[in-house]
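For reference, the structure discussed in these notes is given below.
Read-outs: derived from the displayed coordinates by stated rules, not from any lab. Being a predicted model, the structure only gives us computed values, none of them experimental. Every residue, glycine among them, receives a Cβ derived from its backbone with ideal geometry; neighbour counts consider all protein chains shown.
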Amino acid sequence: MIRNYFKIAWRNLRKNKIYSFINIFGLAIGMAVTIIIGLWVHDELNYNHYFKNRDKIAQVFQTQTFNGNKGTGSAIPRPLEMAMREQHSDKFKHIVMSSWNQPSYLEYKDINISKNGNSMQEGAIDMLGLKILKGVKDGISDRYSIMLSASTAKALFGDEEPIGKIIKANSQYDLKVTAVYEDIPVNNSFSDLDFVKPWDLYANSMDWVKRSIDSWGNNSFQLFVQMNDDQTLDDLNKQIERIKLDAPGAEDTKQYNPVMFLHPMDDWHLRSEFKNGVKTGGRIEYVWLFGIIGLFVLLLACINFMNLSTARSEKRAKEVGIRKSVGSSREQLIRQFLGESLFVVVIAWVLAIIIVLASLDGFNKLASKAIEFPWTNPSFWLASIAFVIITAVLSGSYPALYLSSFNPVEVLKGTFKAGKLAHLPRKVLVVTQFTVSIALIIGTIIILKQIQHTKNRPIGYSKEGLIQIPVMSQDFLGKQDIMRNAFLSSGAAIAMSTSSSPTTNVWSNRSGFLWEGKPDGFQEDLAWVEVSPEYVSSLGLKVVEGRDFSREFPTDSNAVLLNKTAVKYMGLNDPVGKLIRSDDDGEDEPMKVIGVVEDVIMQSPYEPVKQTIFVFDRHGNASYYNLRLNPDRSVSQNLETIEQVFKEHFPNLPFSYQFVDEEYAQKFAAEERIASLASVFTVLAILISCLGLFGLASFVAEQRTKEIGVRKVLGADITNLWMLLSKDFLTLVAISLLIASPLAYFFMQNWITKFTYKTNISWWIFLMAGMGAILITMITVSFQSLKAATANPVKSLRTE
Amino acid sequence: MIKIKDLEKYYRTEEVQTVALNKLSFEVKEGEFVAVMGPSGCGKSTLLNIIGLLDDPDGGSFEFNGIEVSGYKERQRANLRKHNIGFVFQSFNLIDELTVFENVELPLIYTGVKPAERKRRVEEVLEKMQIMHRRNHFPQQLSGGQQQRVAVARAVVNDPKLILADEPTGNLDSSNGNEVMQLLTELNEQGTTIVMVTHSEHDAKYSHRVIRMLDGHKVTESLLV
Ligand SMILES: Nc1ncnc2c1ncn2[C@@H]1O[C@H](COP(=O)(O)OP(=O)(O)OP(=O)(O)O)[C@@H](O)[C@H]1O
Ligand SMILES: [Mg+2]
């Protein structure tokens, strides 16, 4: 029996080549998309699975309120550590202070490399479950020790034994290598942990860190914990909520109403967005979005299958009638047609796997992932089997139920027309298909438009031909004037300034200022950038009031520039000349506003520019050199010269630089990735829908061959016939457009609210999507219509 | 074997209701060969479909082998049909995608006969119908007479007690038609009951008894033997 079904299925496939191709290929594409999205979703959901304690690890977060606005972040003050240890050490297996992940120069013999790592307390090793390949497990118990990742050790020592060797960190400390641990794989937090240094060293090296030991107001550190197995997150959150608010010595911070809480590791990757102190989601939204798109694409492919199968039903009606008359029951027929669909689905699945294998590399690039095909993962194969069966049932059940319901008497009498009954569901399916496709088109256009809209915002400086050189090590202290002169006289740069944050970010926020006219109880929060006097001119900022910094004025060491937003924010009517004091009545001289600059996008291009104060850098607090390259020479020439100059002065340090425009472009990477993925899926969805439409059109044309022949004999011309055959499809697509437009509008309107700088969802998008869909439909359908319309009527009449 | 009493069948379309069978009654005994005749549209095919359990009557009773089957569910009908009834149609109704052998094999598959046994029985009946040499051909590759022989082979392969033939010679020339009638007669002689619809007085002569119908009911019944 099975063999018989199989034979019929196979012969049917071979007999109707176009139909089989469309059915199998369309389904295969749909499945490939679904598999790839499935792999991507799996990858996202498995983030941080390297850490076996992940369900017990959390980071302490803090929500504070400034002027009624709640802000949430991971930066916490140092005294929090002692408070946690004193009050709650019985609830935690580990309490681990950590610095940010920062670059460090590591030097051994003549090798000097820049690597990223954290300074952490000892518990980190056990908490993260680092796999020690060589050396000791408690490798950072001594202040002058360091643990290296395998790849860092390899880079420094090659094949030499690393354990016990002394390396120089940041040209400052001699550290003994105590252990080598396995690299933390990508797709995990801490995957860029090239080394771990002792927290103790960090806490006792820099003055500002030392001073922060009892400062509850200096939120500059991170605190990780591992809960005891019997503790729950909710309980602990209740207990630590007020720990800062109630702490003796933290009175000054009370006005910001600090609320502490634990952000569990399981949420770090996918649910790390906070709005008004509440977790609102994050990347998980994209996981959902793509998951849904994946299912939709599969649905489109299944719809093709159903549509084409039912369209072919007239041809198979006779078979059903005969089978029934020789004794087949309806159940047996249902089983036969489901079996056939299973057969086709299995073929499509094999093809889909081939497509996935062929496109995985490209997809990884597009999505910036390192997903591998899970050959050896039994759950993948189990999921595949389930997937194949579900798809087979999904796509085969309607045709199976429909075909098996034919009345044998009518079918065999030849009066059977799969007319009325089959038409409505088929139309519904086509409309569903095009609704999804058109909605995807509209959604993608809006995402692209939003990105373009944001890119078009004036950023306030000229980012082309600008590079930044990170200079965060001790070696560079006090060298900036020498270096500026050297770079300028080399001819490679025409301007150079320094700043405490890169041009494309702000690393420091300050509060606690007094100025004339400050409203009572106003809780200011200002972005703080310390810059050298050439900052404005080297970046090309625009001074709109007052004047720029100048080395001519000795008093400028107390001068500051405000951006326009800051002037508005602080409520200054006549900002130039105003004094700004620190409110901790220190002996510092007040700062004097000498000018106002146009707003500059340094942080998120999707958000309004933050109120920023640019402060004359008198302590040499430079983190970056900003160099304007000489436009008269080639970029590579300039870079070569700059590297030479750098090496002359710092022969032992590795030279690294970034193009500011590339750094700025990075800000769009996430959204652009989403946009390109969405575009690809949209194109595939359209392709699948068109394949289906093509197949359907060819069947309709075939069914109406006789009618067309008769009409032609009676004098219809090609245009009449083309209209006759295309009209129905165009109507369906038009209906889809009417359904898809409000749907897409609703969802995209919702998506776009998360941006402050919104593009408008204009009517032409819908027009364009609609015209596109109609054009594509016309092309697809016309091919078949014209073929039928131009066929020789004598021939087509003879087919009956 | 077949006992029909006051059988009724209506077809309702939007405007009119057609009475296809109007209080039709007759009997067919086991081993009989009955021809049903009448003008076009008088309800012959409708009758045959009901007897063949492909269709439901709207009224009256229908006993098959002494069992009332007019109220049977589709599944019960299918079951009864596959074990007892073979069909021969005017338009042959072979499945185009299956070979001669596979077409004939179908009823055996549905009654769950084992493959080896199937092969034996199909070959036997193909031999008998003298179509063995065409066993691997597809229906389109055969002449009309050959196709009808395959259809008869398929109808008898299961050893049904009853064969229903609806104008089996309607699409055939006279020599091919005679051949098929010969076949049916042989089958009847071996004990198979046959009910055949025909327009041809010539073909009707092969039967034992002719039932003439008009507008859905029986007008005469004449014994030929
Ligand atoms: N599906 C149907 N819908 C409506 N009326 C039908 C249907 N099938 C048959 N009829 C009507 O029922 C009556 C009997 O039809 P039937 O097919 O049984 O006639 P017949 O005797 O076999 O004719 P013929 O010799 O031409 O094959 C006819 O009047 C026909 O129009
Ligand atoms: Mg008839």
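Quick look at the values:
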{"read-out": "Cα gyration tensor, segment B:1-99 - rounded (a/c under 1.5), prolate or oblate", "value": "rounded"}
{"read-out": "Cα pair distances exceeding 26 angstrom across segment A:535-683, given as percent", "value": "47"}
{"read-out": "Peptides ranked, highest mean first, by Cβ atoms within 10 Å: ranges A:623-632, A:766-775, B:61-70", "value": "A:623-632, A:766-775, B:61-70"}
{"read-out": "Cα centroid of segment B:24-48 to Cα centroid of segment A:150-185, whole Å", "value": "100"}
{"read-out": "Mean-position separation - Cα centroids, segment B:53-94 and segment A:265-332, in angstrom", "value": "40"}
{"read-out": "Reachable lysines from B:Lys23, criterion Cα separation under 21 angstrom, eight or more residues apart if same chain", "value": "B:Lys3, B:Lys5, B:Lys9, B:Lys44, B:Lys218"}
{"read-out": "Degrees separating the helix A:17-45 axis from the principal Cα axis of chain A, which is the longest one", "value": "20"}
{"read-out": "Reach of A:Lys542 by Cα under 16 Å, taken over lysines that are not fewer than 8 positions away in the same chain", "value": "A:Lys463, A:Lys564"}
{"read-out": "Sparse-neighbourhood loop sites, chymotrypsin sites (Phe, Trp or Tyr not before Pro) in segment A:58-143 - DSSP loop, at most 13 other Cβ within 10 angstrom", "value": "A:Trp100"}
{"read-out": "Phi to ³J(HN,Hα) by Karplus 6.51 cos²θ - 1.76 cosθ + 1.60 over segment B:180-194, Hz, x for Gly, Pro", "value": "5, 5, 4, 4, 4, 4, 4, 4, 4, 5, 7, x, 7, 6, 10"}
{"read-out": "Helix-derived mean residue ellipticity, 222 nm - over chain B, DSSP H n ≥ 4, -39500 (n - 2.57), to 500", "value": "-10500 deg cm²/dmol"}
{"read-out": "Residues B:Glu68 and A:Gln749, FRET efficiency given R0 of 51 Å [Cβ-Cβ distance, rounded to 0.05]", "value": "0.15"}
{"read-out": "Protection-proxy order for peptides A:446-457, B:91-102, each taking the mean of Cβ atoms within 10 Å per residue, highest first", "value": "B:91-102, A:446-457"}
{"read-out": "Residue-averaged beta-carbon neighbours from other chains (10 angstrom radius) around A:5-14", "value": "2"}
{"read-out": "Crossing angle, helix B:144-156 versus chain B [Cα axis fit, 0-90 degrees, rounded to tens]", "value": "80"}
{"read-out": "Å³ per residue enclosed by the Cα convex hull of segment A:57-268", "value": "127"}
{"read-out": "Nitroxide proxy distance, nm - points 7 Å out along Cα→Cβ at A:Thr65 and A:Ser782", "value": "6.4"}
{"read-out": "Peptide-level mean, for A:325-338, of C-beta atoms on other protein chains within 10 Å", "value": "6"}
{"read-out": "Modelled label reach - B:Val219, point 7 Å along Cα→Cβ, segment B:18-52 residues with backbone N closer than 18 Å", "value": "B:19-26, B:35-47"}
{"read-out": "Efficiency of FRET between A:Val635 and A:Lys455 - r from beta-carbon atoms, R0 25 angstrom, step 0.05", "value": "0.70"}
{"read-out": "For chain A, the fraction of alpha-carbon pairs in successive 10 Å shells from zero, as %", "value": "2, 11, 16, 19, 17, 12, 10, 7, 4, 1, 0"}
{"read-out": "Distance in nm between pseudo-label sites at A:Asp583 and A:Asp174 (7 Å out along the Cβ direction from Cα)", "value": "4.9"}
{"read-out": "Separation between Cα centres of segment A:1-44 and segment A:196-229, rounded to whole Å", "value": "58"}
{"read-out": "Stretch gain in nm, segment A:Gln102-A:Lys131, where the contour uses 0.36 nm per residue and the Cα spacing is subtracted", "value": "8.3 nm"}
{"read-out": "Eligible lysines near A:Lys137 by straight Cα distance, threshold 27 Å, same-chain separation 8 or greater", "value": "A:Lys52, A:Lys56, A:Lys91, A:Lys93, A:Lys109, A:Lys115, A:Lys154, A:Lys165, A:Lys168, A:Lys176, A:Lys197"}
{"read-out": "Chain B: angle of helix B:115-128 to the longest principal axis, Cα-based, in degrees nearest 10", "value": "80"}
{"read-out": "Computed [θ] at 222 nm, helices only, for chain A once each DSSP H run of length n ≥ 4 contributes -39500 (n - 2.57)", "value": "-16500 deg cm²/dmol"}
{"read-out": "Prolate/oblate/rounded label for chain B (Cα gyration tensor, a/c 1.5)", "value": "prolate"}
{"read-out": "Qualifying chymotrypsin sites (Phe, Trp or Tyr not before Pro) in segment A:646-688, DSSP loop, other Cβ atoms within 10 Å at most 16", "value": "A:Phe655, A:Tyr657, A:Phe668"}
{"read-out": "Estimated FRET transfer efficiency when R0 is 56 angstrom, pair A:Asn621-A:Val41 (beta carbons, to 0.05)", "value": "0.80"}
{"read-out": "15 Å beta-carbon shell around A:Trp507, net charge (K/R +1, D/E -1)", "value": "-2"}
{"read-out": "Charge tally in the Cβ shell below 11 Å around B:Met1, where Lys, Arg are +1 and Asp, Glu are -1, B:Met1 excluded", "value": "-1"}
{"read-out": "Peptide-level mean, for B:104-112, of C-beta atoms on other protein chains within 10 Å", "value": "4"}
{"read-out": "Residue-wise HN-Hα coupling along segment A:80-87, computed from phi with Karplus coefficients 6.51, -1.76, 1.60 (Hz; x: Gly, Pro)", "value": "4, 4, 5, 4, 5, 5, 5, 8"}
{"read-out": "Taking chain A and dividing mean pair separation by its residue count, relative contact order in percent (alpha carbons under 8 Å, at least six apart)", "value": "15"}
{"read-out": "Filtered trypsin sites (Lys or Arg not before Pro), segment A:268-377: DSSP coil and at most 13 other beta carbons within 10 Å", "value": "none"}
{"read-out": "Protection proxy ranking of B:34-42, A:79-87, A:373-381, B:151-159 - average other beta-carbon atoms within 10 Å, highest first", "value": "B:151-159, B:34-42, A:79-87, A:373-381"}
{"read-out": "Segment B:119-187 shape via C-alpha gyration tensor axes, a/c threshold 1.5", "value": "oblate"}
